[in-house]
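First comes the structure, then the notes that go with it.
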Amino acid sequence: MKFGLIRERKNPPDHRVVLSPRACQKVLSAFPKAQITAEASPVRVFKAEEYEAVGIPVADSVSDCDVLLGVKEVPVSALLPGKKYFFFSHTIKKQPYNRELLRAILQKDIELYDHEVLTNPKGVRLVAFGRYAGIVGAYNGIRAYGLKYDAFQLPKAETLPDQQALIRELSQLKLPPIKVVLTGRGRVGSGAREMLDGMGMRHVTVAEFLEKTFQEPVYCQIDASFYNKRKDGVRGNKEDFIAHPEQYRSNFFRFARVADVFIAGHFYGQGAPYLFTREDARHPEFRIRVVADISCDIDGPVASTLRASTIADPVYGYDPVSESETDFRNPDAIAVMAVDNLPAELPRDASEGFGSAFVKHVIPAFFNGDADGVLERARMTRGGKLTPRYAYLQDYVDGKE
């Protein structure tokens, strides 16, 4: 089985890769029948010499490879017919901007395996960049606070080599006694918490956060059971919320009354209540003035997120009165950091972490007959058609949705 690491061709350039040189070594060591070639790339975070140093050839073409591994969407013009591709296609939710990509994949008889649907038998995702989104998102949130209040200047995350460098920058700050509320306890929330803990910010309980004042910066981390409650007054739990989100309403405003910074690392499901609405943001007791929306659902559960921002220009302002974009430095504006490809700012660490999981959970499936069904569950197309698991996308492909 010959794997090819494809060059990332989407703009803006993404420096990540599925398998780092170290991950490639692990594959070759564990599976003698595996071969790997890296397509030459001017943007990949790992240089050609780093691959060649561990015996991985770097070539101008990977057309002789069986399985092509990438991160972002592959431009239609670069797709090689008849190949097996792994990348984030951003089609499983019927995203209109990638309809033509999925059509081309079908026309070119490509087998598409989307990273997002590589799962275990219980449906838990096996590979993801979420932790690194949380790491960079938390850093960018604190950076946005410094920019809004002209309190300090942190370098952009993309200019620093790794997570430890980000933590060092944060650790040197002398923050005022602000309160930071962090939503989510999954990969994203855990990554964000790593940064807050790493910089020495004190963690407090929900009761302390809501009721006490402090002489130092503090944060609390909450999941859905803390910022939602059942409409009928019955005590709910996380499992019930996931099963019946329409039965809940937001209870987040009590945090918005006391928090200065909101780091949004939660998962938002269809039918779930918004955390805060535009009406909430206009309320005189609404205190949050910096939002790091890692989840980045546009015009969704975080009302101030009008659009995704970019690595080049990561912060914009939301005016609660006019409900429109403004200068984030305006005193009444909410500064919004909503970069939707945060892990790309930490490409070396993110690639190492992603690759480690890919080697552990996905590569073995090619050599054990897909014993756990990892490949079968993630295969979206085959023989020019959608597989039964993804047949729901047919109307999307046909342009009827």
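Of all the residues in segment 324-346, those that are modelled with pLDDT of 95 or more and either surrounded by fewer than 20 Cβ atoms within 10 Å (Cβ to Cβ) or more than 13 Å from the chain's Cα centre (by Cα) (or both) number 14. Regarding segment 113-121, can at least one residue be identified that is assigned by TED's automatic domain parsing to the domain that holds residue 357, farther than 12 Å from residue 292 by Cβ, among the aliphatic types (A, V, I, L, M) and under 19 Å from the mean Cα position of the chain (by Cα)? Yes. Condition check for residue 261 on (1) touching a Ser or Thr at 6+ places or on another chain (Cβ under 9 Å); (2) closer than 15 Å to residue 222 by Cα; (3) crowded, with 23+ Cβ neighbours inside 10 Å: one failure, at (1). In segment 355-365, the condition of being in contact with a His (Cβ under 9 Å, 6 or more places away or on another chain) and of a type outside the set (A, V, I, L, M) is met by at least one residue. Identify, please: which residue in segment 316-341 is in contact (Cβ under 8 Å) with a residue 40 or more places away in the chain and part of a strand (DSSP E or B) and is, among those, farthest from residue 165 (Cα to Cα)? For segment 316-341, the residue satisfying everything is 334. When segment 203-224 is filtered for residues that are more than 22 Å from residue 131 (Cβ to Cβ) and either surrounded by fewer than 12 Cβ atoms within 10 Å (Cβ to Cβ) or out of contact with any Cys (no Cβ under 6 Å at 6 or more places or on another chain) (or both), the ones remaining, listed by number, are 205, 207, 208, 210, 211, 212, 213, 214, 215, 216, 217, 218. Inspection of segment 313-323 identifies no residue that is at pLDDT below 95 and touching a Phe, Trp or Tyr at 6+ places or on another chain (Cβ under 9 Å). Per the listing 86, 3, 31, 46, the residue uniquely surrounded by 14 or more Cβ atoms within 10 Å (Cβ to Cβ), in contact (Cβ under 8 Å) with a residue 60 or more places away in the chain, among the aromatic types (Phe, Trp, Tyr) and closer than 21 Å to residue 100 by Cβ is 86.
Taken together, the residues in segment 213-270 that are touching a residue at least 24 places away in the same chain (Cβ under 8 Å), among the aliphatic types (A, V, I, L, M) and not in a loop (DSSP other than H, G, I, E, B) amount to 8.
If you take the residues of segment 293-307 that are modelled with pLDDT under 95 and hydrophobic (A, V, I, L, M, F, W, C), which of them is nearest to residue 136 (Cα to Cα)? Among them, the one singled out is 296. When 161, 176 are screened for being over 16 Å from residue 292 (Cα atoms) and in contact (Cβ under 8 Å) with a residue 60 or more places away in the chain, only 161 passes. Test of understanding: among 18, 67, which residue is under 26 Å from the mean Cα position of the chain (by Cα), aliphatic (A, V, I, L, M) and within 24 Å of residue 345 (Cα to Cα)? None of the other options fit; the residue is 18.
Name the residue, out of 127, 181, 188, that is in contact with a helix residue (DSSP H, G or I) (Cβ under 7 Å, 6 or more places away or on another chain), outside any helix (DSSP H, G or I), under 30 Å from residue 390 (Cα atoms) and not acidic (Asp, Glu).
Numbers: 181 fails: under 30 Å from residue 390 (Cα atoms); 188 fails: outside any helix (DSSP H, G or I).
Testing whether each residue is in contact with a helix residue (DSSP H, G or I) (Cβ under 7 Å, 6 or more places away or on another chain), outside any helix (DSSP H, G or I), under 30 Å from residue 390 (Cα atoms) and not acidic (Asp, Glu) leaves just 127.
Take the residues in segment 107-124 that are touching a strand residue (DSSP E or B) at 6+ places or on another chain (Cβ under 9 Å) and either outside any loop (DSSP other than H, G, I, E, B) or without any contact (Cβ under 8 Å) to a residue 60 or more places away in the chain (or both), then tell me which one is farthest from residue 345 (Cα to Cα). Looking at the filtered set, the residue picked out is 111. Residue under question is residue 150, and the condition is that it be farther than 29 Å from residue 89 by Cβ, among the acidic types (Asp, Glu), modelled with pLDDT of 95 or more and in a helix (DSSP H, G or I); does it hold? No. Output yes when any residue across segment 92-106 is assigned to a loop (DSSP other than H, G, I, E, B) and within 16 Å of residue 70 (Cβ to Cβ), and no when none is. No - not one qualifying residue is present in segment 92-106.
Could you check how many residues of segment 275-303 are small (Gly, Ala, Ser), in a loop (DSSP other than H, G, I, E, B) and under 21 Å from residue 150 (Cα atoms)?
Residues of segment 275-303 small (Gly, Ala, Ser): 281, 292, 295, 300, 303.
Subset that is in a loop (DSSP other than H, G, I, E, B): 295, 300, 303.
Keeping just the survivors that are under 21 Å from residue 150 (Cα atoms) gives none.
Count: 0.
Could you pull out the residue among 365, 344, 350 that is farther than 23 Å from residue 263 by Cα, hydrophobic (A, V, I, L, M, F, W, C) and either in contact with a Phe, Trp or Tyr (Cβ under 6 Å, 6 or more places away or on another chain) or in a helix (DSSP H, G or I) (or both)? Just a single option satisfies the conditions, and that option is 365.
The values are calculated or read from the model by the stated rules, or taken from the named source; none is laboratory data. Model, not experiment: these values are computed from the prediction. We place every Cβ from the backbone using ideal geometry, glycine too, and count neighbours over all the protein chains shown.
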